[in-house]
C-alpha cells in the first residue's frame, strides 16, 4: 500500500504498537493462535476499547467470538513499524554506555544491526568493540553513505549532544535516538526520540515514596517461621540455608 494511501496513525498508537508486538511474539512462542482485545488490553495495561481503536488503524477488526489472529496481527504490526527490513544503526560516543549498547545483541535480533561506532576521542579511534572498529566523528558522512545508516544513537556527554545531533542530520541520518541527558532538537525533516534513565528513576521515586510501608512481622509470625525452618532442616538433613538454595548435605 503506498504511503500516501495509508491512514494516518496517531503518535500515541504508534508508541503502543511495539508493546502489542512484544506481547504477540511471546504468545506466538507459546503456540497461541488467537487473542481477544480484552486479553491484549490486560497484558498491555490499557483498556480494550483503546486496543480495538489502535488495531483498526492497521485495518484489523478481529472476528466476533474469536478475536484476532496472532500471526496476522504480528505481520500487520511489523509492516507498519517498518520491521520487514533491517535499519543499520550508528552509535556516536563509545564510552561505557556506548560500548554497552554496541555489545547488546538484541538490536540485531530486532532488525537494528549496529553497523558503525563513532567517537571524537582520537585515542579510541582504531580500537575495536566486538567486531567493529571505532571511527572518528569527522568520518560520519562517509560512514553514513557507506553503510546506508538509517538511525543514529547519541551516547555522548550532554555538553556535545546537540552538536552530535546536528552532525548526524547533516550526514543524512534523520532518525535519532538520544541517550544523552540533554535537551536536543532536530529539524522537522528528522525524527527524535529520547531515553532519559534519570527521569524514569525519578518517576519511580515518586511512586516509591507514596507506597505504604511494609507491615511489621509479628512475634508470632517470626516464631512460626523459625519453627518451620527448623522442621524443614531436620527433615531434609541440611540447614535451612541449604534447602533454600536447593543444596542438601550428604
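Computed from the coordinates by the stated procedures, all read-outs in this text should not be read as laboratory data. Computed from a prediction, not measured in an experiment: that's the story for all the values here. A quick note on method: Cβ atoms are made from the backbone with ideal geometry, for glycine too, and the neighbour counts reach across all protein chains shown.
Observations
- Semi-axis lengths, Å, segment 35-95, gyration tensor of Cα atoms, sqrt of 5 times eigenvalues: 30, 15, 9
- Based on the Stokes-Einstein relation at 25 °C and a viscosity of 0.890 mPa s, and on the Kirkwood radius from alpha carbon pairs, segment 89-203 is assigned a translational diffusion coefficient of 174 µm²/s.
- Treating each Cα of the chain as an identical point scatterer and summing with the Debye formula, the log10 of I(q)/I(0) at q = 0.11, 0.12 Å⁻¹ comes to -0.83, -0.91.
- Within segment 118-151, backbone nitrogen closer than 13 Å to the virtual label 7 Å beyond the Cα of residue 86 toward Cβ: 147-150
- Measuring nothing but how far apart in sequence close Cα pairs (under 8 Å, 6+ apart) lie, relative to its length, segment 2-92 scores a relative contact order of 31 percent.
- Here the convex hull built on the C-alpha positions of segment 3-80 has a volume of 84 cubic angstrom per residue.
- Sorting 80-90, 186-196, 163-173 by their mean Cβ neighbour count within 10 Å, with the most densely packed peptide first, gives 163-173, 80-90, 186-196.
- Cα centroid of segment 62-130 to Cα centroid of segment 27-41, whole Å: 25
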